[in-house]
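Reviewing the structure listed below.
Just so it is clear, none of the values below were taken in a lab; they were calculated from the coordinates. Please read all numbers here as calculations on a predicted model, not as lab measurements. For neighbour counting, all protein chains shown are included, and Cβ atoms are generated from backbone atoms with ideal geometry for every residue, glycine included.
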2 protein chains.
Amino acid sequence: MALIVQKFGGTSLGTVERIEGVADKIAGFRGDGHDVVVVVSAMSGETNRLMDLAAQVLPEGSTPRELDVLLSTGEQVTTALLSMALHKLGVNARSYTGSQVRILTDDVHTKARILHIDDVNICTDLKQGKVVVVAGFQGVDDQGNITTLGRGGSDTTAVALAAALNADECQIYTDVDGVYTTDPRVVDGARRLEKITFEEMLEMASMGSKVLQIRSVEFAGKYSVPLRVMSSFEDGPGTLITLEEDAAVEAPAIAGIAFNRDEAKLTVLGVPDIPGVAYRILGPIGEANIEVDVILQNIGEDAKTDFTFTVGRNDLSQSQRILERTITELGAQELRVDAKIAKVSVVGVGMRSHAGVASRMFRALADVGVNIQMISTSEIKISVIIEEKFLELAVRTLHSAFELDAEPDSQGAAD
Amino acid sequence: MALIVQKFGGTSLGTVERIEGVADKIAGFRGDGHDVVVVVSAMSGETNRLMDLAAQVLPEGSTPRELDVLLSTGEQVTTALLSMALHKLGVNARSYTGSQVRILTDDVHTKARILHIDDVNICTDLKQGKVVVVAGFQGVDDQGNITTLGRGGSDTTAVALAAALNADECQIYTDVDGVYTTDPRVVDGARRLEKITFEEMLEMASMGSKVLQIRSVEFAGKYSVPLRVMSSFEDGPGTLITLEEDAAVEAPAIAGIAFNRDEAKLTVLGVPDIPGVAYRILGPIGEANIEVDVILQNIGEDAKTDFTFTVGRNDLSQSQRILERTITELGAQELRVDAKIAKVSVVGVGMRSHAGVASRMFRALADVGVNIQMISTSEIKISVIIEEKFLELAVRTLHSAFELDAEPDSQGAAD
C-alpha cells in the first residue's frame, strides 16, 4: 500500500468521457488500497480559450496578476469534474485549488516558483480514505493572490506535492507510454526504457523529447522523488526516472539518442583574436534573451579567429540583426548563417565509466559519410552538429552502433 | 464623492465588447471621483455551459461541494477580464474571488447564506484609489470550502458588500432601465418609477417582475442599503428602492400593478367541515416542497366545505396526484383543477393610509366585466385571481383606474 501522486494532462482530460476514463483508472488504484493524490491540468483547449479572451481585452498583455486569476480557473474546473466522476464511481474525492491546499509561491505572476506546500488538509483527507484532487499549475502568494507556475507547471505541482508528502512515486500520465531510446518515428527499433536517471532525462528532455517539463525533472531529482512516465490511454509500466544509484546496476553506457532540428548556426569569420571577443559577440545575444547552445571558437591565422555558435531556429533572424552591428564594431570580416543543421546526441550516465564512447560515435558517423561540423560534450552527453539532411541516418546509425535496440541484459554483456 | 457598489449581470458582460463597455462606465464614475466596488456575474451562457459539463458527468447531480468549485470559476473569469479592461483604460483595478475578499458563508453548498464580510482588503485598495472587482454569487465557509449563493446570488453579494462597506448606494445594472408601474409590454402607458419602497419592490418582484432577486431586496431593506436599478445599455437615473420614510413624502396610494400567469388553481369540493382539514390538505403539498400562494375556504352547507388554493403551474400535476390520495382519505367529493387563471395585484405602501383602494379595484374590474374568482390581501397589496384570458384587460383597466400613467405630482393631487 503506497502513497502515489498521479498527474494527468489536458489531453488525458480533454472530454467528459476521458475524465471518466481517468476516474476509472484512479478508482482502480484506490481499490488496490493505495492512497492517491491526483494533480490535473486544464481540459485541453481551455487554457488557449482563456488566453484568447485575455488577448481580446488586452492585446498587449500586461496584467499578469489578472491573467493568473483567469487562467487558474481552467484547472479548477477539471478538479471539480474529476471529483464528480469519482463520486459517481463511489470513490470519495475532494477537490483543492492551489490556494486551498495551500501551495505557497513567490509573487512572480505567470511564472511563480513554489516555496512551500502545506500538507495538513491533504493528509487529513488521505487518512479518511479520500482521493485528493489538486489543481495543477497554480498556487497562492503570501498576500493571498492567485499565482500560476507557467505552462507545464502541473508537472511541477505533482512533483512538489510528491516531495512534500514523501510519496512513494509520482506518476506523470501523458500520451506516450514512456521514455524511448530515441524517437520511434525515426528508428523502428527504438525501445522503451525501464529506467533512466534524472540527469539523462534532463539531457533527453532538453533536446526535444518533450515528455516532461525540465523544471519538474530537476525538482524531482533535487528531492529524490521517483518519477514515472506512463500512458493515460494504455496499460503498462512506463519509464521510471530515478537516482543514478538505483538505475546504474546494469546501466548500459548509453541510455538513448536525442536529437533536435530546431537549431541554427551562426559563424563570425575573421574576428580579431583579442581578449573579450566571446563576451562582445554573445553579450548582446544574451541581453536579447536568446539562448545560445553549442559554442566553438577556432584559433586562426594572423591574429584572426572564427567564432561559431548555435541558437534556436526561431531566434535566427533576430540574432543575425544583432550580430551585424557587432561585426561592424569588432571589425570582423563576415557573418555566415546556416539554418539547415541538426544536433544529435548520445546520452548516458554510463559513459562516465565506459571509455571509448566518443570514438565509437565518431567512427560510426564517419563510416556512413556523415560530416561533423561541431562537437560539444558534457559528463553524460556527446553532441554533434551535422547537416540536417543526415539527421535520420545519423540517429539510426548511432542507435545501432550502441546496440540500443537490444534488450538491456544482452546489451550489458556486449558492452 | 460617494462610495458606490455597482453590480453588472451576465448579459451586461456577455462579450468582450460589453465588458469593455462596462469598464468605460466604471471609469466614468471613477473619473468623477467616486470610490467604486464592482460585483460581477459570469458571462451570460457560462454558468449554463458549466452546469452542462456537470450534468454530463453526474446526470443525477449530487456533489454540491464540487458543483460550487465548478460554477464559481464563471464569475472569477469575469473579474479578471473586467480588471484587465479597466487597466487598459488606465484605471487601477484589482479582482477578488469570494474567498479572497473574504465573504464568509455557512456551509450549505449551492445556496449558502452570507454570514460576514471582511472588508479590510477592499478598504485598503479603495484608499489607494483602486477599483475593486469582486466575483458575485460566491463565498467561502469557515473550512475554506468554496460556496455559492444560488442563482441570482450576485445581487445578494452586491447588497451585502454595500451594507458591509456602508456604501452610499448599491446600483444594480440590468437590461431594463428601472422598475415600472407595470409591464410595458402589456400597458403602453407604463411608467418608470423614480422611487419604490423595499416592501413594494418585494411584492412586485415576487409576482414576476424579475428585475431583482427577492433575497437581495430583503437584505437591502434589512440593512437600509439604498438600491438603484439601472440599465447597463442606456443612461438614466433608473429606479431607487428605498425606505418608506424616504419614499413616502409624495407617495401615491399605488406604486404599480403586478401580475403572474404562472399559477394554477385546485379546488377540493365537498370536504367534511372538521378541524384540521386545511392541514390535512396542504400538509402533504408542503412536504413535497410545493409552494402554495392564495388559499380560500368557503363555509358550505351540511357540514361540508370547499377548499381552493393556487400553486405554481409547474407544480400542478404533482399537486393533483397528491390531492387524489388526500381526497380518498378525507372522503371528499371531487377535485377540480384550472390552469387557465392569472393573478393581478395592486401594490403600494400608500394603501395603508388611503381608504377605498379595494373598492376602486373591484369596481373597475366589474365595469369591464372581469369576474373575480379569489381575493387575497396584505397590508400593501390586494391580489385577485381571474380567468387568464382577462389578464391584459384587467392590468390595463387597473393601470388607468389608479392613474398610474400620470406623473406622480398630478397623481398625488388627484388621489
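Amide H contacts for residue B:227 (H built 1.01 Å from N in the peptide plane; partners 5 or more residues away or on another chain; cut-off under 5 Å): B:170, B:241.
What is the percent of Cα-Cα separations in segment B:3-249 that go past 25 Å? List each step's numbers first, then the result.
Numbers: 12299 of 30381 pairs.
So the pairs more than 25 Å apart make up 40 percent of the total in segment B:3-249.
Across the identical copies, the 7 Å label point of residue B:312, projected outward along Cα→Cβ, sits 5.5 nm from its counterparts, in ascending order.
Averaged over the residues of peptide A:66-75, the number of Cβ atoms from other protein chains lying within 10 Å of each residue's Cβ is 6.
Relative contact order (percent) for segment B:265-338, with alpha-carbon contacts under 8 angstrom and 6 or more residues of separation? Intermediate results must be reported in sequence, preceding the final value.
Details: 113 pairs, mean separation 36.0, N = 74.
Result for segment B:265-338 is 49 percent.
Taking a straight line from the alpha carbon of residue A:127, these lysines sit under 28 Å away, with near neighbours fewer than eight places off in the same chain left out: A:7, A:25, A:88, A:222. Going from the residue with the fewest nearby Cβ atoms within 10 Å to the one with the most, B:116, B:399 rank B:116, B:399.
Between residue B:367 and residue A:393, the distance separating the two model label sites (each 7 Å from Cα on the Cα→Cβ line) works out to 10.4 nm. Nearest 10 degrees, 0 to 90: what angle lies between the long axis of helix A:16-31 and the longest principal axis of chain A (Cα atoms)? Approximately 70 degrees, to the nearest 10. If both residues of a DSSP beta bridge must be in chain A, then about 60% of such bridges are antiparallel. When the Cα convex hull of the protein assembly as shown is projected onto planes of every orientation, the mean area is 45.9 nm². 3J(HN,Hα) along segment A:264-271, derived from phi through the Karplus expression 6.51 cos²θ - 1.76 cosθ + 1.60 where θ = phi - 60°, amounts to 9, 10, 10, 10, 9, 9, x, 7 Hz, with x in place of Gly and Pro.
Take the Cβ atoms of residue B:292 and residue A:233, set R0 to 51 Å, and the FRET efficiency comes out at 0.40. With viscosity 1.306 mPa s and temperature 10 °C, the Kirkwood radius over alpha carbon pairs of segment B:265-338 converts through Stokes-Einstein to a diffusion coefficient of 131 µm²/s.
Let me check against my output: what whole-number percent is the relative contact order of chain B, with C-alpha pairs under 8 Å and at least 6 apart? All intermediate terms of the calculation are to be shown ahead of the outcome.
Working: 878 pairs, mean separation 55.6, N = 415.
Dividing the mean separation by the residue count of chain B yields 13 percent.
Shown for residue A:376: label points 7 Å from Cα along the beta-carbon vector, and their distances to the equivalent points in the other copies, 8.0 nm in ascending order.
Given the DSSP H assignment, sum -39500 (n - 2.57) over each helix run of at least 4 residues in the protein assembly as shown and divide by its residue total; what's the result at 222 nm in deg cm²/dmol, nearest 500?
Numbers: 28 runs with 310 residues, N = 830.
Estimated from H runs of four or more residues: -11500 deg cm²/dmol.
Considering only A:341, A:156, A:93, and ranking their Cα positions along the charge dipole of chain A that arises from unit charges at the beta-carbon of Lys, Arg, Asp and Glu, the one farthest toward the positive end is A:93. Axis of helix A:153-165 versus longest Cα principal axis of chain A: the two differ by about 60°, to the nearest ten degrees.
Coupling constants for segment B:93-109 follow from the phi torsions by the Karplus curve (6.51 cos²θ - 1.76 cosθ + 1.60, θ = phi - 60°), and in residue order they are 10, 8, 8, 9, 7, x, 6, 6, 4, 9, 9, 7, 10, 6, 9, 7, 4 Hz; glycine and proline get x. Remark: segment A:391-402, residue by residue, has Karplus-estimated 3J(HN,Hα) of 4, 4, 4, 5, 5, 5, 4, 6, 4, 6, 4, 9 Hz, where x stands for each Gly or Pro and the curve is 6.51 cos²θ - 1.76 cosθ + 1.60 at θ = phi - 60°. Under 26 Å of direct C-alpha separation, and excluding same-chain neighbours fewer than eight residues apart, residue A:304 reaches these lysines: A:265.
Using only the C-alpha atoms of chain A, find the volume of their convex hull and express it per residue in Å³. Walk me through the intermediate numbers first.
Numbers: hull volume 67.5 nm³, N = 415.
Output value, Cα hull per residue: 163 Å³.
In this structure the amide hydrogen of residue B:187, modeled in the peptide plane, comes within under 5 Å of no amide hydrogen from residues 5 or more places off or on another chain.
If I stretch the segment between residue A:186 and residue A:56 completely, what's the gain in nm (0.36 nm per residue apart, minus their alpha carbon distance), one decimal?
On the way: separation 130, 0.36 × 130 = 46.80 nm, distance 4.03 nm.
Net length gain for the segment: 42.8 nm.
Treating the angle as unsigned and between 0 and 90°, give the value, to the nearest 10°, between the Cα long axis of helix A:316-330 and the longest Cα principal axis of chain A. Once rounded, one gets 40 degrees.
Between amide H atoms placed 1.01 Å from N, distances below 5 Å from residue A:6 occur with A:37, A:38, A:39, A:171, all of them 5 or more places distant or on a separate chain.
Treating r as the C-beta distance of residue B:334 and residue B:379 and R0 as 41 Å, the FRET efficiency rounds to 0.70.
Extending 7 Å from the Cα toward the beta-carbon at both residue A:223 and residue B:299 defines two label points whose distance is 8.0 nm. Here segment A:133-163 is scanned for amide nitrogen atoms under 17 Å from the site 7 Å beyond the Cα of residue A:32 along Cα-to-Cβ, giving none.
The chain A residue nearest the rotation axis shared with chain B, using its Cβ and rounding the distance to whole Å, is A:73, 2. Within segment A:309-339, list the residues whose amide N lies under 18 Å from a label point set 7 Å along Cα→Cβ of residue A:278. Inside the label zone: A:309-311.
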